[in-house]
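The next block holds one structure in the form of C-alpha cells; read it before the comments.
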Amino acid sequence: MAFDLSQAQGLLNKGIEQAQDIIQNPSKVDDILIQLEEKLKAVPTIGSTLSDVPLMIAMVKAWIKKEYTVVSPKVIACLVGAALYMVNKKDLIPDSIPVIGMADDLAVLGLALKLSEPELKAFSEWRAGHSVQY
C-alpha cells in the first residue's frame, strides 16, 4: 500500500480540526503528549526527521502554560493534531502491521514537524536563553 504526502496532509488537516478545540484544555493536551511519548518509545529508530519531537512537546507544553506565547495557535493545533493522529487507534494503516503499520503515523507527524520548522527553531532559540527546561 503506497502512502503519499497528499494523504499525510489530508490526515493532518483532520487532526488540526480536532486539535482546535483540544488545545483549549491543557490537561487533555498533556495527556496526548504523554501518549505520544509512550508510543514513540516503541519506534525502533526515530531518525532525523522526527528528532524534533521532544522540542515539539516542550513547545506545546510551554504554550499551554502560557510561558511561550509567540507561536500561533494554528501551529500548536497542527502539532497537537499530528500527535492526536499518532495516538489515535484508528489509523489508515493499522499499527499492528509490522514496520509499515507506523508509516502513516510517522508521515503525518513528520509533515507537521516540517511545516512547523521555523517556529520550532525560534522556540529552541528562546529556550536556550531561558533557564527553564521542559
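Tabulated values for the structure
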read-out	value
Selection from the stretch 101-134 of residues that are among the aliphatic types (A, V, I, L, M), more than 14 Å from residue 8 (Cα to Cα) and either buried (at least 18 other Cβ atoms within 10 Å of the Cβ) or at pLDDT below 90 (or both)	120, 128, 132
Subset tally (residues that are at pLDDT below 75 and surrounded by 11 or more Cβ atoms within 10 Å (Cβ to Cβ)) for the stretch 31-56	5
Residue check, residue 28 part of a helix (DSSP H, G or I), at pLDDT 90 or above and more than 26 Å from residue 5 (Cα to Cα)	no
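The values are calculated or read from the model by the stated rules, or taken from the named source; none is laboratory data. What you see is a predicted model; the values in this text were computed from it and never measured. Because the Cβ atoms are built from the backbone with ideal geometry, glycine has one as well, and the counts that use them run over all protein chains shown.
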